[in-house]
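A short worksheet on the structure shown next.
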Amino acid sequence: MTAAYEYARAMFMISEEEHCSDKMRDEVEIVRATFLSNPDYSQLLDTPALPKDKRLGLIDEAFSSLNPSLVNLIKILSEMRLSYVFPKLAEEYFALYDQSRGILRAEAITATPLTKAQSDAIVKKLSAMTGNTVILKNTVDPSILGGVKLRYGGIQLDGSVKERLNKFESALKSTVV
C-alpha cells in the first residue's frame, strides 16, 4: 500500500463517518486542481527553507473554507514533506468513493464523437456486465481510424480499425506463400 492510498483511505473513512463524502469529493478535487495547476505551490509547502508556521499559514490562507479534516491532512502532508503526493491521494480517494457507490468510470476512445445512442448502448452493456452505474467519457482520437477502444477498471478492449489492420498485417507477414 502506498502512502497516498493510506491517507486517502483514512480521509474517505472520516468523510463517511461525518456523512460528507459527496462534499469532500468536491473539495478534494479543488485541492487536487490547485496542486496540479500550481506545482510550485506543493513544492513550497514541502520546502524545509520555509518555517513550519509559515507553511501552515499558507495552507490556512488557501484552504480555510474547506472541511477542517481535509485542511489538517494537507498540513500533515506538508509537515512530512509529502504535499506532492496529493494528486495521487485524490485519485485514490475518488476510486474509493466510486467503489463505495457502485460507480464504474469508463473511457471510450473513438475516431469521431459518439452519438447519444452509441454512448447509451455502451453504458447499458457495461452496466449489465458489471452491475455498476457507468459514467462514460468519450475521447476522440482520429488515429484509431474507426471502431472503439474501451477502457474501464484496468481493462482495455481494443476494437479499433487500426488494431484490426495491425493484426491483419501481422498475420500477412507471418504467412508463408
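Quick rundown of the values:
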quantity: Label-point separation, Thr139 to Lys162 (7 Å along Cα→Cβ), nm; calculated: 1.1 nm
quantity: Calculated FRET value between Arg151 and Thr2, using beta carbons and R₀ = 22 Å, to 0.05; calculated: 0.50
quantity: Cα long-axis angle, helix 21-37 against the chain (0 to 90 degrees, to the nearest 10); calculated: 90 degrees
quantity: Listed residues Ser174, Ser100 arranged by accessible area, highest first, probe 1.4 Å; calculated: Ser174, Ser100
quantity: Distance-filtered residues of the range 137-164 - backbone nitrogen under 12 Å, label point 7 angstrom along Thr130 Cα→Cβ; calculated: 137, 150-157
quantity: Loop trypsin sites (Lys or Arg not before Pro), the range 34-96 (other Cβ atoms within 10 Å of the site Cβ: 13 or fewer; DSSP); calculated: Arg81
quantity: Charge tally in the Cβ shell below 14 Å around Ala3, where Lys, Arg are +1 and Asp, Glu are -1, Ala3 excluded; calculated: -2
quantity: Label point distance in nm, Asp60-Arg81, each placed 7 Å from Cα along Cα→Cβ; calculated: 2.5 nm
quantity: Integer Hz, Karplus 6.51/-1.76/1.60 couplings in order for the range 66-71, x for Gly and Pro; calculated: 8, 3, x, 5, 5, 4
quantity: Computed E for Asp40/Arg9 - FRET, C-beta separation, R0 30 angstrom, nearest 0.05; calculated: 0.60
quantity: Options Ser174, Ser143, Tyr84, ranked by Cα towards positive dipole end of the range 50-177, top entry (Cβ charges); calculated: Ser174
quantity: Å² of accessible area per residue within the chain, as computed with a 1.4 Å probe and no ligands counted; calculated: 60 Å²
quantity: Computed [θ] at 222 nm, helices only, for the chain once each DSSP H run of length n ≥ 4 contributes -39500 (n - 2.57); calculated: -19500 deg cm²/dmol
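The values are calculated or read from the model by the stated rules, or taken from the named source; none is laboratory data. Since we're looking at a predicted model, the values are computed, not measured. Using ideal geometry, Cβ is built from the backbone for each residue, glycine included, and neighbour counts are taken over all protein chains shown. With ligands, DNA and RNA removed, areas are computed over all heavy atoms of the protein, side chains included. Shrake-Rupley method; radii C 1.70, N 1.55, O 1.52, S 1.80 Å.
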